[in-house]
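Engineer: So that we are looking at the same thing, I have put the structure below in structure tokens.
What follows is calculated from the coordinates using simple rules that are stated; it is not laboratory data. Since the structure is predicted, the reported quantities are computational estimates derived from the model, not experimental observations. All Cβ positions, glycine included, derive from the backbone under ideal geometry; neighbour counts span all protein chains shown.
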Amino acid sequence: AQSVTQLDSHVSVSEGTPVLLRCNYSSSYSPSLFWYVQHPNKGLQLLLKYTSAATLVKGINGFEAEFKKSETSFHLTKPSAHMSDAAEYFCVVSDTGTYKYIFGTGTRLKVLA
Amino acid sequence: NAGVTQTPKFQVLKTGQSMTLQCAQDMNHEYMSWYRQDPGMGLRLIHYSVGAGITDQGEVPNGYNVSRSTTEDFPLRLLSAAPSQTSVYFCASNPTGEEGGYTFGSGTRLTVV
């Protein structure tokens, strides 16, 4: 059965510094992996997705993630944080053919001025 | 193009009452899902559908029913509301499977007293 673990429930960074949100996954098959962002009192927006193409995936708003099969990781990064990046981020795994998403418990990103 | 529309946005129920959360999408997506979001637990799958007339249980289906009579609509029914069902509910749709990523509605915040 697939699962996903977000290693940090809260991350604080200063504006202009790099962002690293960590995600490890477990999957029996070739997984599809996603990062979603949720701003306060809003729905979820897709940031980026990995579906067995390039291992380095670029998303919206300057975010990117690298799929590392040997480490079963899919960490989300951004070179320079902006105040508008403050939100909750969810790592999601889906096994090929199941069409069911399994969500991590989320990482709340705080950006300090 | 409205995307995924959920109604109502807010609802307060008394224990034992029943109600239906509405979800409609206008993108002709085959796959639709219902999730609940609780603090510190991420999103958990309640029920999902891979097409009209086809539904299946997710991770936390107890106390909920669904049906999918049309491609566009996927209502979620609470049979007899309990305080444990206080949550934020999200409906999501996906065109052909997990690789495309789900589009989420803006959510329904339900309180059961």
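Engineer: For A:LEU109, indicate whether it is within 14 Å of chain B (Cβ to nearest Cβ) and within 15 Å of the chain's Cα centre (by Cα).
Structural biologist: no
Engineer: Continuing with the same structure: In segment B:1-16, which residues are on the phi > 0 side of the Ramachandran plot and in contact with a strand residue (DSSP E or B) (Cβ under 8 Å, 6 or more places away or on another chain)?
Structural biologist: B:GLY3
Engineer: When you scan segment B:88-113, how many residues do you find that are hydroxyl-bearing (Ser, Thr, Tyr), part of a strand (DSSP E or B) and closer than 17 Å to A:TYR101 by Cβ?
Structural biologist: Within segment B:88-113, residues that are hydroxyl-bearing (Ser, Thr, Tyr), part of a strand (DSSP E or B) and closer than 17 Å to A:TYR101 by Cβ number 3.
Engineer: Another question, if that's okay. Look through segment A:8-21, keep the residues that are touching a residue at least 60 places away in the same chain (Cβ under 8 Å) and under 15 Å from A:THR77 (Cβ atoms), and return whichever of them is surrounded by the most Cβ atoms within 10 Å (Cβ to Cβ).
Structural biologist: Checking each candidate, the answer is A:LEU21.
Engineer: How about segment B:27-65: which of its residues are more than 14 Å from chain A (Cβ to nearest Cβ) and in a strand (DSSP E or B)?
Structural biologist: B:TYR64, B:ASN65
Engineer: What do you reckon, is A:SER27 at the interface with chain B (Cβ under 10 Å from one of its Cβ atoms) and touching a strand residue (DSSP E or B) at 6+ places or on another chain (Cβ under 9 Å)?
Structural biologist: On the way: at the interface with chain B (Cβ under 10 Å from one of its Cβ atoms): no; touching a strand residue (DSSP E or B) at 6+ places or on another chain (Cβ under 9 Å): yes.
Judged against the criteria, A:SER27 is not a match.
Engineer: If you go through segment A:46-63, how many residues are farther than 18 Å from A:VAL93 by Cβ and surrounded by 14 or more Cβ atoms within 10 Å (Cβ to Cβ)?
Structural biologist: Qualifying residue count, segment A:46-63: 1.
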